[in-house]
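Structure first, commentary second.
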Amino acid sequence: MEPGLLVLPVIVPVLFWGAYHYHKDRHLPEPPCNLVLCFVLGVLAAFVSKGLYIALEPVGLRLDAVHLAETDELALFFYALLAIGPIEEFAKMLPFLLVVLRLPHFDEPMDGIVYASFIALGYAAVENYHYLDFLSGAEAAARGFAGPVIHIVFASIWAHWITRAHLAGRPVMKEALAGFVLAAGLHGFYDYLVLRAPVASLPIAAAMIAGIWIWRLRLMRQLHDDAVRDAEDR
């Protein structure tokens with residue numbers, strides 16, 4: 001493997017999206033060590049995800065999504081919604097619930113989105129590394145920057161719901177379940193669109209991601225403005 005092939009699609013996107021989110025959290029930035037921890041948790045989540053896929057094999061439910069896209073569109077639809085989306089979102093959400101909520105600096109609404117985004121970034125880095133053997137240099141570079149966006153937007157959904165409940169002092173499991181179901185469903189539907197007919201479905205998939213990204217941008221701006229106002233009022 002050429003060193004450049006590793007740097008552009010894996011390392012550079014990590015640095016780019018990491019710097020982007022650190023800048024967005026500029027009011028009360030999280031300790032860099034916490035962000036690195038979340039990235040590592042995302043890497044571990046990718047291996048948890050792989051284990052969950054392998055666990056489907058004994059019951060005959062570990063399927064080849066690319067093969068399904070070519071042979072059975074209905075089976076692909078159910079596999080994407082009931083396996084791909086739930087497995088990948090659960091793997092990312094698990095360390096958020098077990099570790100991130102216990103971090104001492106987890107104390108404002110923006111933190112949930114930032115920490116979840118770094119988990120998603122670690123997860124996407126492992127995924128991008130895996131695809132290096134199957135893509136050309138240009139394709140790998142394009143995926144390197146786009147792949148994290150997909151995982152970040154879906155993780156932001158359950159992260160915001162969980163954070164809202166956690167900071168309000170409410171039990172988080174109800175919010176976690178609702179956010180998980182929504183994120184996993186959207187994630188699965190996105191993968192279904194991309195796998196079934198990449199060219200024909202690309203506008204729909206892109207519009208869905210753009211819509212969630214715009215919601216996320218507005219939410220982060222609102223959370224930042226609210227934090228600034230709260231600081232000025234104190």
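Residues of the range 136-183 that are touching a residue at least 12 places away in the same chain (Cβ under 8 Å) and part of a loop (DSSP other than H, G, I, E, B): VAL172 alone. Of all residues in the range 32-80, those that are open to solvent by 50 Å² or more (accessible area, probe 1.4 Å) and in a helix (DSSP H, G or I) total 24. The single condition among (1) modelled with pLDDT of 85 or more; (2) of a type in the set (Gly, Ala, Ser); (3) open to solvent by less than 20 Å² (accessible area, probe 1.4 Å) that ALA140 does not meet is (1).
Quick grid of which residues meet (1) under 19 Å from GLU127 (Cβ atoms); (2) at pLDDT 90 or above:
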position	(1), (2)
PRO13	yes, no
TRP17	yes, yes
HIS21	yes, yes
PRO31	no, yes
ASN34	no, yes
ALA45	yes, yes
LEU52	yes, yes
LEU56	yes, yes
VAL59	no, no
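For the range 157-207, residues that are surrounded by fewer than 17 Cβ atoms within 10 Å (Cβ to Cβ) and out of contact with any Leu (no Cβ under 7 Å at 6 or more places or on another chain) total 20. I'd like to verify a number: residues in the range 93-112 that are open to solvent by less than 20 Å² (accessible area, probe 1.4 Å) and not in a helix (DSSP H, G or I), how many? Going through the range 93-112 one residue at a time, the tally reaches 2.
Here is the figure for the range 119-136: residues that are open to solvent by less than 40 Å² (accessible area, probe 1.4 Å) and farther than 23 Å from LEU35 by Cα total 1. Scanning the range 177-206 for residues that are more than 24 Å from ALA165 (Cβ to Cβ) and among the hydrophobic types (A, V, I, L, M, F, W, C) gives PHE189, LEU193, VAL194, LEU195, ALA197, VAL199, ALA200, LEU202, ILE204, ALA205, ALA206. Looking at this structure, is PRO29 farther than 20 Å from ILE150 by Cβ, surrounded by 15 or more Cβ atoms within 10 Å (Cβ to Cβ) and either of a type outside the set (Gly, Ala, Ser) or in contact (Cβ under 8 Å) with a residue 24 or more places away in the chain (or both)? Here the answer is yes, as PRO29 does meet what is asked.
The values are calculated or read from the model by the stated rules, or taken from the named source; none is laboratory data. In this text, all values refer to a predicted model and were calculated from it rather than measured experimentally. As a convention, Cβ positions derive from the backbone with ideal geometry for all residues, glycine included, and neighbour counts pool all protein chains shown. Surface accessibility is based on the protein's heavy atoms, side chains included, excluding ligands, DNA and RNA. Shrake-Rupley method; radii C 1.70, N 1.55, O 1.52, S 1.80 Å.
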